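Undergrad: Starting off with a structure, shown below.
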Amino acid sequence: MRRALPLSVFCLSLLTLAAVARAEDAPQATEDGAVSYYRDVRPIFQARCFGCHQPAKPQGGLDMTNFTGLLEGGDSGDPVVVASDPEEGTLLEQIEAVDGVAEMPKDGNPLTADQFALIRRWLEEGAKDDTPAADTAIYDADNPPQYESAPLITSVDFSPDGKLLAVSGYHEVLLHEIDADGKAQLAGRLVGLSERIESAMFSPDGTRLAVTGGSPGRLGELQIWNVADRELERSISVTYDTIYGASWSPDGSLVAFGCGDNTLRAIRVEDGEQVFYQRTHDDWVLDSVFSVQGDHLVSVSRDRTMKLNHVATQRFIDNITSITPGALKGGLYSVDRHPEKDELVIGGADGVPKIYKMFRTQARRIGDDFNLIRKFPALPGRVFSVQFSRDGRHIVAASSKDRQGEVWVYDVETGKVQSKLAGIEAGVFTAAFSPDAKRVASGGFGGEVYLHDAMTGELLSKFVPVPLDKGESLAGAAAP
């Protein structure tokens, strides 16, 4: 996978940054003086409650993502919300902090006094629902998104056994079985809260899928799915904008990701606890990868740097790339590690894939780029995705320029282009090798998944990964 969205799409989030901190604000009033559920209360629930009370994971039988579910309550049968009578429902009792401790959110800090007061005031005023009709659509496994056209694809990833291909959609990740002829069969739809999916990565053993995404300007979310059961194991709300670049530690115990607040973070999968936090970047962190031993964590950012960190101490170690002004032409969007060595391939705005040593072996000097091992021939436009093949002999890089895409496979040892993948008709944001390195899957602006022979560049098949209302087939058509 290893990809990041282009700047034209990034700008959509910037337009909504004014709403970023709503859930932490003091009580707000509408024009008539009343508290708004949609504007004031729902963002608090979204940031603090939706992770455990959503259609994919309704803890206690309670779904708080829609107003109807909130009124219906959970398995206990006790009302959660009673209009105009805050004490009659169980909500305030659950979220009120006593001596700094509250029953809910579970395993999280209590709501602030201002947040609690805001919710109480909303209940006292009649607990009115002012959600706009356009925002009432609820998606879950029984009511998945419907498509009239294919959405752009931001992420593809093969399972370690090569049997499944995870493809990003809208509010979901779609799992496809790919046969030997490149035909695709939809095998699962992992529908969650996040509108925008930024990355979907299988765990090293293939049993789980880590998904990063969110709702721009409102919510960042990390999802951990059980692949076999197609069930959501964990949903973690992080920051107030979409998050990026999921990566698994080699033992599958940690998941790292980058954020739009310039932070790099990692959580422990077993309990969801955040175990790593670093804010040394000056711009959005778009991708991450662990070292071979899992004791170091690398990140790339729009600030043009690749940084090395120590996991256990959460300590910044070094800038792997040159710190000389002008040495790198634009931001870095994608990073991957060699399967057996601590060597890193990066892609970014300059269109030139590069391989770097992870660890510096001599003192830094201003103007040097000592860790650089090799540059590869430049692709047209910006490189949004890079990945090593599982044997480490090849890399694949995907680029986009003026909505036209290129995917090239390079020979790592010689630095030469092995193949240029044929028949791609739109900008490409993501590409991934099959485990045997014989095929490359890619996708992007056009909404189609392409399957190519990695060594020859021949187009094997292409397919629309989402079910379309117009009745188009999901199965991949063989290439002419």
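The values are calculated or read from the model by the stated rules, or taken from the named source; none is laboratory data. Computed from a predicted model, the values in this text were never measured in an experiment. Neighbour counts run over all protein chains shown; Cβ positions are idealised from the backbone, glycine included.
Undergrad: So GLY252 passes all but one of these: (1) closer than 24 Å to ASP142 by Cβ; (2) more than 13 Å from the chain's Cα centre (by Cα); (3) not hydrophobic (A, V, I, L, M, F, W, C). Which condition number does it fail?
TA: (1)
Undergrad: Against the definition (loosely packed, with under 15 Cβ neighbours inside 10 Å and not β-branched (Val, Ile, Thr)), how does ASP99 come out, yes or no? Reasoning before the result, please.
TA: Numbers: loosely packed, with under 15 Cβ neighbours inside 10 Å: yes; not β-branched (Val, Ile, Thr): yes.
Yes: the conditions hold for ASP99.
Undergrad: In this structure, does VAL255 turn out to be over 19 Å from SER334 (Cα atoms) and either crowded, with 20+ Cβ neighbours inside 10 Å or of a type outside the set (A, V, I, L, M, F, W, C) (or both)? Give the steps one after another, and end with the answer.
TA: Working: over 19 Å from SER334 (Cα atoms): no; either crowded, with 20+ Cβ neighbours inside 10 Å or of a type outside the set (A, V, I, L, M, F, W, C) (or both): yes.
In short, no.
Undergrad: Hand me the list of strands (runs of 3 or more DSSP E) wholly inside region 365-477 holding 2 or more residues that are assigned by TED's automatic domain parsing to the domain that holds ASP350 and among the hydrophobic types (A, V, I, L, M, F, W, C).
TA: Numbers: elements: 372-375, 382-388, 394-401, 404-411, 417-420, 428-433, 439-444, 449-453, 459-463.
The qualifying strands (runs of 3 or more DSSP E) are 372-375, 382-388, 394-401, 404-411, 428-433, 439-444, 449-453, 459-463.
Undergrad: Among residues belonging to region 287-322 that are of a type in the set (Val, Ile, Thr) and crowded, with 16+ Cβ neighbours inside 10 Å, point out the one that is modelled with the lowest pLDDT. If you could, list the steps in order and put the result at the bottom.
TA: Applying the first criterion (of a type in the set (Val, Ile, Thr)) to region 287-322 yields 289, 292, 298, 300, 305, 311, 313, 317, 320-321.
Cutting the leftovers down to crowded, with 16+ Cβ neighbours inside 10 Å gives us 289, 298, 300, 305, 311, 317, 320-321.
Working: VAL289: 99, VAL298: 99, VAL300: 98, THR305: 94, VAL311: 99, ILE317: 96, ILE320: 95, THR321: 90.
In this case the residue turns out to be THR321.
Undergrad: If you don't mind, another one. Need a quick list: strands (runs of 3 or more DSSP E) entirely within region 253-353 having at least 2 residues that are under 27 Å from ARG218 (Cα atoms) and among the small types (Gly, Ala, Ser).
TA: Once the strands (runs of 3 or more DSSP E) in region 253-353 are filtered for at least 2 residues that are under 27 Å from ARG218 (Cα atoms) and among the small types (Gly, Ala, Ser), what remains is 254-259, 296-301.
Undergrad: Would you confirm, using the coordinates I've provided, whether SER253 is under 25 Å from GLN46 (Cα atoms) and polar (S, T, N, Q)? Don't jump to the end; show me each part of the working.
TA: Details: under 25 Å from GLN46 (Cα atoms): no; polar (S, T, N, Q): yes.
Taking the combined requirement at face value, the residue does not satisfy it.
Undergrad: Looking at SER247, is it crowded, with 24+ Cβ neighbours inside 10 Å, within 18 Å of SER168 (Cα to Cα), out of contact with any Gly (no Cβ under 7 Å at 6 or more places or on another chain) and assigned by TED's automatic domain parsing to the domain that holds LEU344? Show your work before the answer.
TA: Details: crowded, with 24+ Cβ neighbours inside 10 Å: yes; within 18 Å of SER168 (Cα to Cα): yes; out of contact with any Gly (no Cβ under 7 Å at 6 or more places or on another chain): yes; assigned by TED's automatic domain parsing to the domain that holds LEU344: yes.
It is true that SER247 is crowded, with 24+ Cβ neighbours inside 10 Å, within 18 Å of SER168 (Cα to Cα), out of contact with any Gly (no Cβ under 7 Å at 6 or more places or on another chain) and assigned by TED's automatic domain parsing to the domain that holds LEU344.
Undergrad: I've got another one for you. If you scan region 108-124, which residues turn out to be in contact with a helix residue (DSSP H, G or I) (Cβ under 9 Å, 6 or more places away or on another chain), within 13 Å of ALA97 (Cβ to Cβ) and in contact (Cβ under 8 Å) with a residue 40 or more places away in the chain?
TA: Once the filter is applied, which keeps residues that are in contact with a helix residue (DSSP H, G or I) (Cβ under 9 Å, 6 or more places away or on another chain), within 13 Å of ALA97 (Cβ to Cβ) and in contact (Cβ under 8 Å) with a residue 40 or more places away in the chain, region 108-124 yields GLY108, LEU111, THR112, ASP114, GLN115, ILE119.
Undergrad: Sticking with this one: Can SER237 be described as under 26 Å from ASN109 (Cβ atoms) and either in contact with a Phe, Trp or Tyr (Cβ under 7 Å, 6 or more places away or on another chain) or surrounded by fewer than 17 Cβ atoms within 10 Å (Cβ to Cβ) (or both)?
TA: Against the criterion (under 26 Å from ASN109 (Cβ atoms) and either in contact with a Phe, Trp or Tyr (Cβ under 7 Å, 6 or more places away or on another chain) or surrounded by fewer than 17 Cβ atoms within 10 Å (Cβ to Cβ) (or both)), SER237 qualifies.
Undergrad: Among the numbered criteria (1) surrounded by fewer than 18 Cβ atoms within 10 Å (Cβ to Cβ); (2) at pLDDT 80 or above; (3) touching a helix residue (DSSP H, G or I) at 6+ places or on another chain (Cβ under 8 Å), which one does THR30 miss?
TA: Failed condition: (2).
Undergrad: Looking only at residues that are surrounded by fewer than 19 Cβ atoms within 10 Å (Cβ to Cβ) and of a type in the set (Lys, Arg) in region 36-93, which one is farthest from the chain's Cα centre (by Cα)?
TA: Only one residue fits best here, namely ARG39.
Undergrad: Next up: Has region 393-415 got any residue that is of a type in the set (Phe, Trp, Tyr), at pLDDT 95 or above, surrounded by 14 or more Cβ atoms within 10 Å (Cβ to Cβ) and touching a Gly at 6+ places or on another chain (Cβ under 7 Å)? Can you show your working first?
TA: Step one: filter region 393-415 for residues of a type in the set (Phe, Trp, Tyr), giving 408, 410.
Filter once more, keeping what is at pLDDT 95 or above: 408, 410.
Next, only the ones that are surrounded by 14 or more Cβ atoms within 10 Å (Cβ to Cβ) stay: 408, 410.
Within this subset, residues satisfying the condition of being touching a Gly at 6+ places or on another chain (Cβ under 7 Å) are none.
Within region 393-415, none of the residues are of a type in the set (Phe, Trp, Tyr), at pLDDT 95 or above, surrounded by 14 or more Cβ atoms within 10 Å (Cβ to Cβ) and touching a Gly at 6+ places or on another chain (Cβ under 7 Å).
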